[in-house]
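See below for the structure under consideration.
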Amino acid sequence: MSTGRMPPDDLKTTVPRPTGRPATINPDAVAAVALRIFGERGYEQTSMEDIAREAGIGRKSLYRYFSSKADLVWGGMEPVVEASTQVLHSARPGAASDGGVLAGLREAAVAGAAAIPDLSVTRGRLRLIGEHPELASRSYESLAPQRERARAYLVSAGVPEDAAGYLCAAFMGATFEAWMRWAAGTDPDPAPYLEAAVGVLRVP
């Protein structure tokens, strides 16, 4: 059922509809169109065919990038994972300590946010996730690449295997909560929320 909540103003503007089938597709632009339609008609009431038509692309082209509506909501993770992974690879503290290990996690979280091309789309995605339990339930699966890279970083920093798993889970949970708190408001920058979330963590 639709919550009746309209999307933010910056999500109401659709991408220009091209004539004919486009040679390339901008996944973030398509996701912005989908979020606008979800806000207008409701998530459940919107079909993949509706999204393809409004975005001005073929249905097969849409399915090539997104296999489901949930993928449209949870998409856009690649730049985040790549940017945060680069930070973690360059950090690699030699020994486990609160300062070095947590500094790497904090920098990775902020770098991931900075890599997102359109934060207004991310805010719309997160608000939908917060409103629909079936979307929120996909968080563990969808965040798996980030979780695995963070765990590997912690082990390389000297955190014992079991402790690294627990600390990684705490890191993912804290930063996800930070993203959801940011999305619920109007602040333009999520970085302070992410820094505050990492700030409560401690290396065992």
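Largest mean-square fluctuation among ILE37, ILE51, ILE25, in a Gaussian network model of the chain whose springs join Cα atoms under 10 Å apart, belongs to ILE25.
Using Cα pairs closer than 8 Å and at least 6 residues apart in sequence, work out the relative contact order for the chain, in percent. After rounding, I find 21 percent. List the trypsin sites (Lys or Arg not before Pro) within the range 112-204 that DSSP assigns to loop and that have no more than 12 neighbouring Cβ atoms inside 10 Å. Loop-located and lightly packed - ARG202. List the residues of the range 167-202 whose backbone N lies under 19 Å from a point placed 7 Å from the Cα of SER90 along the Cα-to-Cβ direction. Once the point is set 7 Å along Cα→Cβ of SER90, 191, 195 turn out to lie under 19 Å by backbone N, inside the range 167-202. Applying 0.36 nm per residue to the separation of ARG202 and SER67 and subtracting their alpha-carbon distance, the gain on full extension is 44.8 nm. For the chain, with all protein chains in place and a probe radius of 1.4 Å, 54% of the accessible heavy-atom surface sits on carbon or sulfur.
Measuring with a 1.4 angstrom probe and ignoring ligands and nucleic acids, ASP118 comes out at about 60 Å² accessible. I'd like the orientation of helix 27-41 relative to the chain: the angle between its Cα long axis and the longest Cα principal axis, in ° from 0 to 90, rounded to 10. Approximately 60 degrees, to the nearest 10.
Spin-label model, TYR166 to GLU49: label points 7 Å out along the Cα-to-beta-carbon direction sit 5.3 nm apart. Summed over the residues of the range 92-178 and divided among them, the accessible surface reaches 44 Å² per residue at a probe radius of 1.4 Å.
Output the direction-averaged projected area (hull surface divided by four) of the convex hull of the alpha-carbon atoms of the chain, in nm². Could you put the intermediate results ahead of the total?
On the way: hull surface 46.0 nm².
With every direction weighted equally, the projected area is 11.5 nm².
The angle between the Cα long axis of helix 161-184 and the longest principal axis of the Cα atoms of the chain comes to about 40 degrees, rounded to the nearest 10.
The values are calculated or read from the model by the stated rules, or taken from the named source; none is laboratory data. This is a predicted model, so every value here is computed, not measured. Counting neighbours? That spans all protein chains shown, and the Cβs are built from the backbone with ideal geometry, glycine included. For the accessible areas, the whole protein counts, side chains as well, though only heavy atoms, and no ligand, DNA or RNA atoms are used. Shrake-Rupley method; radii C 1.70, N 1.55, O 1.52, S 1.80 Å.
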